[in-house]
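The values are calculated or read from the model by the stated rules, or taken from the named source; none is laboratory data. Everything numeric in this text was worked out from a predicted model, so none of it was measured. Ideal geometry is used to build each Cβ from the backbone, glycine not excepted, and the neighbour counts take in all protein chains shown.
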Amino acid sequence: NTAVYSNSKNDYLWTNPDDSAGNFYNKTTGALNGNVWRRANSRIADTESFTDQLSLTGKLNTGMLEHSFNTGAEYSKQETDRTQYILNGKNTTGSDYKNCSVTDIALGWCTSVLAPNPNTPWTGSISTNGADRYSTTTESSSVYVLDSIKINPQWIVDLGVRWDKFETEQTINY
């Protein structure tokens, strides 16, 4: 029998350069603006899981036949609660600032690709109030049996069956 319990937590907020708004190169004027938006990525998650595997192996003889069997059962359950940060009380990525206006740059939402400053202070606020919340539960169960029947040194017959059940439920609160 093998049983495993685990609990993991994620809580992070990081940014990466994003030019999806076309701030680096202006396609209309051809001007090189050189700015990229610092898109925010965040997650707060708590995952709890339990798994139990039970197996039994053995050998027995029934007359002239030799049996080698393997039977067992498995169960697992995983529950995850997840949300993300809301930035400046508006959204989760800071997309309101992706156009890199003078104000967006002053607030630290954008930076120059040609001369980035990693020490630019970020003056925003973070909160989980109003963020989508996801709760996911997954359960699986199975049982199995396998019998290898040795008829003679040249012939072995394998007989087996397995049953599995897998269920997932997700709740989203907007």
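Taking the condition of being surrounded by 10 or more Cβ atoms within 10 Å (Cβ to Cβ) and aromatic (Phe, Trp, Tyr), how many residues in the range 130-174 meet it?
4
Among the residues of the range 52-69, is there at least one that is under 30 Å from Tyr134 (Cβ atoms) and out of contact with any helix residue (DSSP H, G or I) (no Cβ under 6 Å at 6 or more places or on another chain)?
yes
Kindly indicate whether any position in the range 137-148 is modelled with pLDDT of 95 or more and closer than 20 Å to Leu87 by Cα.
The answer is no; no qualifying residue exists.
Can you say whether Arg133 is under 30 Å from Tyr12 (Cβ atoms) and of a type in the set (D, E, K, R), as far as the supplied structure shows?
Yes, satisfied.
For a quick check of your reading of the model, give me the residue pairs whose first member lies in the range 94-114 and is within 14 Å of Phe24 (Cβ to Cβ), whose second is crowded, with 19+ Cβ neighbours inside 10 Å and among the β-branched types (Val, Ile, Thr), with beta-carbon atoms closer than 9 Å and at least 6 apart or on different chains.
Cys100/Val36; Cys100/Thr111; Ile105/Thr111; Cys110/Val36; Thr111/Val36; Ser112/Val36; Val113/Val36
Does any residue in the range 133-144 that is closer than 17 Å to Asp164 by Cβ and in contact (Cβ under 8 Å) with a residue 40 or more places away in the chain come within less than 7 Å, Cβ to Cβ, of a residue that is exposed (fewer than 15 other Cβ atoms within 10 Å of the Cβ) and polar (S, T, N, Q) six or more places away or on a different chain, and which pairs are these?
Filtered contacts from the range 133-144: Thr138/Thr168.
Mind checking which residues of the range 128-174 are under 18 Å from the mean Cα position of the chain (by Cα), within 30 Å of Lys90 (Cα to Cα) and polar (S, T, N, Q)?
Ser135, Thr136, Thr137, Gln170, Thr171
Return the pair list, or none, for Cβ contacts closer than 6 Å from residues in the range 39-53 that are touching a residue at least 24 places away in the same chain (Cβ under 8 Å) to residues that are surrounded by 16 or more Cβ atoms within 10 Å (Cβ to Cβ) and among the basic types (Lys, Arg), at least 6 apart or on different chains.
Matching pairs, first to second residue: Ala45/Arg82.
Mind listing just one residue for me: the one in the range 1-40 that is surrounded by 11 or more Cβ atoms within 10 Å (Cβ to Cβ) and modelled with pLDDT of 90 or more and, of those, nearest to Thr71 (Cα to Cα)?
Filtering the range 1-40 for residues surrounded by 11 or more Cβ atoms within 10 Å (Cβ to Cβ) gives 10, 12-13, 15, 17-19, 21-26, 32-40.
Next cut, modelled with pLDDT of 90 or more only: 10, 12-13.
Details: Asn10: 37, Tyr12: 43, Leu13: 46 Å.
By that ranking, first place goes to Asn10.
For the range 90-120, give me each residue that is touching a strand residue (DSSP E or B) at 6+ places or on another chain (Cβ under 7 Å) and either under 30 Å from Val161 (Cα atoms) or loosely packed, with under 14 Cβ neighbours inside 10 Å (or both).
Asn117
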